[in-house]
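K.L.:
One structure, pasted below without further comment.
What follows is calculated from the coordinates using simple rules that are stated; it is not laboratory data. Being a predicted model, the structure only gives us computed values, none of them experimental. Counting neighbours? That spans all protein chains shown, and the Cβs are built from the backbone with ideal geometry, glycine included.
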Amino acid sequence: MVGYLYNREGYKGRHVPHGWRSSFSTIMNEAIGAELGQDIRVIGDRLIIDLMLAHVPAGMFESEFRYNRAKYMPRRRELAEEWAKLIMEGAIEPNAIILSPRRKRRT
């Protein structure tokens, strides 16, 4: 569905939904490295980023990562909030989108 919307808006061949996953991983891993430097917490945050992307890091049990979706939830929320702030910076206000003339209004 998202891929269809990208194509319809003229992004065919320029962007795909999976690109958001790689962007999230790259940007958040760089931000964590810049924030924490050589701190041991970098390793934990990188594992959490992989968990958020449904990746199973080498040497880890797949079942734990697949089925324990609540694991590390407080830190996952923090990272998700940081990501949301980054991608929403400079964005159009939600009401401007909702009330735009392109949107069909329900009666």
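K.L.:
Between GLU82 and GLN38, what's the calculated FRET efficiency when r is the beta-carbon distance and R0 is 22 Å? Round to 0.05.
P.N.:
Plugging the Cβ-Cβ distance into 1/(1 + (r/R0)^6) gives 0.60.
K.L.:
Something else now. Go through segment 2-107 and name the GluC sites (Glu not before Pro) that are in a DSSP coil and have 16 or fewer other Cβ atoms within 10 Å of their Cβ.
P.N.:
Filter output for segment 2-107: GLU9, GLU89.
K.L.:
On to the next question. On full extension of the chain, what length is gained from ILE27 through VAL56, given 0.36 nm per residue of separation minus the C-alpha to C-alpha distance?
P.N.:
8.5 nm
K.L.:
Helix 73-88 versus the longest principal axis of the chain: what angle, 0 to 90°, nearest 10, using Cα atoms?
P.N.:
40
K.L.:
Still on this model: Run lengths n ≥ 4 of DSSP H only: what is the helix-derived mean residue ellipticity at 222 nm for the chain, with -39500 (n - 2.57) per run over all residues, to the nearest 500? Mind showing how you got there, number by number?
P.N.:
Details: 6 runs with 65 residues, N = 107.
After summing the helix terms and dividing by residue count, I get -18500 deg cm²/dmol.
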